[in-house]
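See below for the structure under consideration.
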Amino acid sequence: LVATFAAFLTRAHDQVRMRGCSLAHLKFVGSHVGVSIGADGPSQMGLEDIAMFRALPGGVVLYPCDAYSTEACLENLARYQGIGYLRTTRPATPLVYSRGEKFPIGGSKILRRSPQDKVLVVAAGITVFEALKAYDKLVEKGISVRIMDAYSVQPIDRQGLLQEAKGVGGKVVVVEDHYPAGGLGEAVAAALAGQSQIIHLAVSDLPRSGSPEELLDKFGLSASHIEQAVLSLLT
């Protein structure tokens, strides 16, 4: 098991790739990911780490959002035979789940659901909390949305995505603290294979230093941006 800043793992990409060629059983934990690390700036922000590990044949990528899901995902990853990556966030986050809840590789969790849902919002890690804030704002406007925690980025829960997207008429918003290429958004788009209308919110420019809240908003990942994406799908 190797644990370091996610940005530093990019320096070892060749070694990770070659260990994959040898069918090695290696596990990596990357912290300080995305613009949500705040003031440390772009040199320390892991923004291409998901893409790097998703590209490896047989690679598993897990991105939990709270302490209990992180513990469960780490235990499952440790038992996986192959290359695995656990992505963790820097900011302190509230508990969403209960101790002992199961987080199988290839699964997902639905955090909000009702028969009146109009849009599926797919998030992972820190953006789960922004999605939940957006849910509360939209409920005040009489709009119900479904919230999915896609903690298993690879393999993605394809059947779950297909089912939940169908349940809301195929309208989907994906929000991730990662560059657009190779991350959660592309995993969701591949799983849905043109069967849904998708808006993808991701870090689309070179970030700068700031508070986590400032940067999440500046780069279009905050609750208000998720709310606007949902509204645009409904107009």
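All of the numbers you see were taken from the coordinates with simple rules; none came from a lab. Everything quoted here is computed from the prediction, not taken from an experiment. Here Cβ is always computed from backbone atoms with ideal geometry, including for glycine, and neighbour counts include all displayed protein chains.
Structure summary
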{"quantity": "Neighbour-limited loop hits for trypsin sites (Lys or Arg not before Pro), region 101-149 (at most 12 other Cβ within 10 Å; DSSP other than H, G, I, E, B)", "calculated": "LYS102, LYS141"}
{"quantity": "Taking the C-alpha atoms of region 2-87, convex hull volume expressed per residue in Å³", "calculated": "80"}
{"quantity": "Long-range HN-HN contacts of VAL121 with modeled amide H, under 5 Å", "calculated": "ARG146, ILE147, MET148, VAL173"}
{"quantity": "Debye, to nearest 20: dipole size of region 109-233, +1 on Lys, Arg Cβ, -1 on Asp, Glu Cβ", "calculated": "440"}
{"quantity": "Net charge dipole size for the chain [Lys, Arg +1 and Asp, Glu -1 on Cβ; Debye, nearest 20]", "calculated": "540"}
{"quantity": "In order through region 160-170: 3J(HN,Hα) via Karplus (6.51 cos²θ - 1.76 cosθ + 1.60), integer Hz, x for Gly, Pro", "calculated": "x, 4, 4, 5, 6, 5, 4, x, 10, x, x"}
{"quantity": "Least to most buried among SER108, SER144, SER204 (fewest other Cβ within 10 Å first)", "calculated": "SER204, SER144, SER108"}
{"quantity": "Note, ³J(HN,Hα) from phi for region 190-200, Karplus 6.51, -1.76, 1.60, rounded to Hz, x at Gly and Pro", "calculated": "5, 5, 7, 6, x, 8, 9, 8, 10, 10, 10"}
{"quantity": "Additional length obtainable on full extension of the chain from GLN197 to GLU101, 0.36 nm per residue less Cα span", "calculated": "31.4 nm"}
{"quantity": "Computed helical MRE - 222 nm, the chain, DSSP H runs ≥ 4 contributing -39500 (n - 2.57), nearest 500", "calculated": "-10000 deg cm²/dmol"}
{"quantity": "Förster radius 35 Å - calculated FRET efficiency between SER209 and ALA67 (Cβ-Cβ, nearest 0.05)", "calculated": "0.85"}
{"quantity": "Sequence of GLU227, GLU71, GLU140 once ranked by neighbouring C-beta atoms within 10 Å, starting from the fewest", "calculated": "GLU140, GLU71, GLU227"}
{"quantity": "Three-way shape call for region 189-235 based on the alpha-carbon gyration tensor, with the a/c threshold at 1.5", "calculated": "oblate"}
{"quantity": "Cα-only radius of gyration and Dmax that characterise the chain, units Å", "calculated": "16.7, 54"}
{"quantity": "Residue-count net charge about GLY210 - beta-carbon cut-off 11 Å; Lys, Arg +1, Asp, Glu -1", "calculated": "-2"}
{"quantity": "Equivalent ellipsoid dimensions for region 89-131 as semi-axes, Å, which come from the Cα gyration tensor, largest first", "calculated": "20, 15, 11"}
{"quantity": "Built amide H within the under 5 Å cut-off of VAL33, gap 5+", "calculated": "GLY46, ARG90"}
{"quantity": "Ranked list, fewest to most other Cβ atoms within 10 Å of each Cβ, for VAL16, VAL188", "calculated": "VAL16, VAL188"}
{"quantity": "Sequence-distant residues sharing a close amide H with PHE28 (under 5 Å, placed H)", "calculated": "VAL2, GLY84, TYR85, LEU86"}
{"quantity": "Contact order relative to length of the chain, as percent, for alpha carbon pairs under 8 angstrom and 6 or more apart", "calculated": "22"}
{"quantity": "Distance between region 21-61 and region 116-164 - C-alpha centres, whole angstrom", "calculated": "23"}
{"quantity": "Karplus 3J(HN,Hα) series, Hz, for region 17-29 with 6.51 cos²θ - 1.76 cosθ + 1.60 (x for Gly, Pro)", "calculated": "4, 5, 5, x, 5, 8, 6, 6, 9, 10, 10, 10, 10"}
{"quantity": "Percent of Cα-Cα distances greater than 19 Å, calculated over region 109-233", "calculated": "41"}
{"quantity": "Cα gyration tensor shape for region 70-144, rounded if a/c is under 1.5, else prolate or oblate", "calculated": "prolate"}
